[in-house]
Amino acid sequence: MTISNARSAWEKDRDHLIHPYADFSTFKEEGSQVIASAKGMYVTDTDGRQLLDGIAGLWCVNIGHGREDMAEAISRQVLDMQYYNPFGHSTNVPAAELGAWLAEHAPGNLNHVFYSCGGSTANEAAVRIVHYYNSLRGKHTKKKIISRKDAYHGATYLAANLTGIHATKTSFDRIGEDIVRYVSAASLFDKPEDQTEAQFCDYLVREFEAAIDNIGAGNIGAFIAEPVMGAGGVLVAPKGYHKRMKAVCAAHDILYIADEVVTGFGRLGEWFASERVFDYTPDIIVCAKGITSGYIPLGATLISDEIHDVIAKPQAEGGVFSMGLTYWGHPVACAAALKNVEILETEGMLENARHRGDDLLNKAQRLLECPRVADVRGQGLMMAVDLMADPDTRTPFDPGQKAGQKVFSKCIERGLIVRPVGDRLVLSPPLIVTSEQCDTIVSTLEEALQELDREMA
Ligand SMILES: Cc1ncc(COP(=O)(O)O)c(C=O)c1O
């Protein structure tokens, strides 16, 4: 104990932890930034350096950090009833209350909820439900899932295979990949110059229809898509895309899974972005992250009445819903979610996200004047800045130049956290961000980008 305490958290982390997406070439030397406290829009590291959190933890701290009312709601639930078996016909009050809240606020007739521990497990549950649903309908081959290149759906084996980001696959086995097929990302940034937005949308829809023809609708259970592709680089689809893709799905008896892990709970200014922002009603919605603002892990898979009617087949007639997680409907997580939605609602945070989202994107347009910036785009409080060696000829940086990583470090030096995804800088601040903080984010990025350009000139 004494020996162990002699080492700092920084050393213990460096010596024992395997971080998601760690760069092992520099990890042992650089170690990790240790965040010790967090309040509102800011986090503070163990050296006492305060940083403006431009990424809401990891797209999740929607209400901001360190709220006492969240701490109270969580501790009250721990003292009332911290955990009990949720299998079979046993439940708890917060799980039931949250289920009713979700059914009331979700689009269409998505009135039924399966809980899990985060986004990956909620996506796994969605796929298993699709498979189970089609098995019970006697459609035993209708099991493949169409996903998209550059999609991110999680890190468990199946969720990793639903993920279409090529760089996440290196040296990992592709277990489960036989059930996944990919179509193009819906990314306006990648629209060919000679096409209008409407023509590009036509192209994507036709490509999807061709994939269905090729695979056979009788072999496809679902299409999965994020309303705005997040980790793939804040890729915004052409207008009308989701609605048209949903219509194609409906025509072929293919379920539409909207992965709203990032876009749900206010990030695009609505509880769920699919219906209110993009005008389509999915058959399944997957949520996590903002559902508790990251105070406690929770995932939820919401399904329609039609799917529920099939999977609710009595055991006596051969329906056995043998799928469960120990922490299904965890009472403390559900109590946190209930408090979280109360805070989001009573403090007008969805509205703030709408206003500040537009504000941030408008202010950030001036970054296009920085010589290495190829694009600035976003929707709601999701934004990306793309860097290129030469934006005019669309020449990317050499990966060894680590341009994104360099801008990240320069922003940290100036007190701002942004997220480098390759040479894309992603921003997703908490929904409480102010207009002044939007100014700070943009001016800090501008300084960092100008310094990068001077260094690379
Ligand atoms: C759209 C989307 N789906 C799923 C996930 C996976 O969620 P988790 O990391 O909670 O398993 C993420 C995580 O970033 C995500 O962005």
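Nothing in this text is a laboratory measurement; each read-out follows from the coordinates by a stated rule. Computed from a predicted model, the values in this text were never measured in an experiment. Note that each Cβ is placed from the backbone with ideal geometry, even for glycine, and that neighbours are counted across all protein chains shown.
Using only the C-alpha atoms, the convex hull of the range 50-112 corresponds to 145 Å³ per residue.
Ranked by the mean number of other Cβ atoms within 10 Å of their residues, highest first, the peptides 253-266, 337-350 fall in the order 253-266, 337-350.
Taking 0.36 nm per residue of separation and subtracting the Cα-Cα distance, full extension of the segment from residue 33 to residue 401 would add 130.3 nm. Take 178-186, 205-213, 427-435, 310-318 and order them by the average number of nearby Cβ atoms within 10 Å per residue, most first; the result is 427-435, 178-186, 205-213, 310-318.
Can you give the extra length, in nm with one decimal, that the chain gains between residue 203 and residue 58 once fully stretched, where that is 0.36 nm per residue apart less the Cα-Cα distance? Numbers along the way, then the final one.
Working: separation 145, 0.36 × 145 = 52.20 nm, distance 3.26 nm.
Taking residue 203 through residue 58 to full extension adds about 48.9 nm, to one decimal.
The spread of Cα positions in the range 69-346, taken along each principal axis and listed from longest to shortest, comes to 61, 45, 40 Å. Straight-distance candidates among the aspartates and glutamates for linking to residue 410, with alpha-carbon spacing under 15 Å and chain neighbours fewer than 8 residues away dropped: 53, 423, 446, 447, 451, 453, 455. Legend: calculated FRET efficiency, residue 111 to residue 135, from the Cβ-Cβ distance at R0 = 35 Å, rounded to 0.05, equals 0.95.
Can you figure out the FRET efficiency of residue 434 with residue 316, using R₀ = 60 Å and their beta-carbon distance, to the nearest 0.05? The partial results should precede the final answer.
Values: r = 58 Å, r/R0 = 0.97.
The computed FRET efficiency comes out at 0.55.
For the pair residue 394 and residue 443, a Förster radius of 25 Å applied to the C-beta separation gives a FRET efficiency near 0.40, rounded to the nearest 0.05.
Give me the net charge for the shell around residue 53: Cβ to Cβ below 11 angstrom, other residues only, Lys and Arg +1, Asp and Glu -1. Walk me through the intermediate numbers first.
Details: positive: 39, 419; negative: none.
Around residue 53, the surrounding residues sum to +2.
Output the peptides 47-58, 286-297, 82-93 sorted from most to least packed, where packing is the average of other Cβ atoms within 10 Å over each peptide's residues. Present the calculation step by step, with values, prior to reporting the outcome.
Working: 47-58: 17.7, 286-297: 26.1, 82-93: 12.1.
In descending order of packing, they fall as 286-297, 47-58, 82-93.
Take every Cα pair under 8 Å whose residues are at least 6 apart in sequence, average their separation, divide by the length of the chain, and the relative contact order is 20 percent.
With 0.36 nm allotted per residue and the present C-alpha distance subtracted, the residue 7-residue 169 stretch has 54.8 nm of extension available. Annotation: the antiparallel percentage among DSSP beta bridges lying fully within the chain is about 65. Across the range 336-453, counting alpha-carbon atoms alone, Rg and Dmax equal 15.4, 50 Å. With a sphere of radius 12 Å drawn around the Cβ of residue 447, what net charge do the other residues whose Cβ falls strictly inside it have (Lys, Arg +1; Asp, Glu -1)? Combined, the nearby Lys, Arg, Asp and Glu give -1. Close amide H pairs (under 5 Å, H built 1.01 Å from N) link residue 226 with 259, residues at least 5 positions away or on another chain. Distance between the modelled labels on residue 16 and residue 178, one decimal in nanometres: 4.1 nm (7 Å Cα→Cβ projection). Using Cβ point charges alone (K and R +1, D and E -1), the dipole size of the range 37-122 about the Cα centre works out to roughly 120 debye. In this simple spin-label model, placing a label point 7 Å from the Cα along the Cα-to-Cβ direction at both residue 243 and residue 96 gives a separation of 4.0 nm. Put the Cα centre of the range 4-69 next to the Cα centre of the range 320-367 and the gap is 21 Å.
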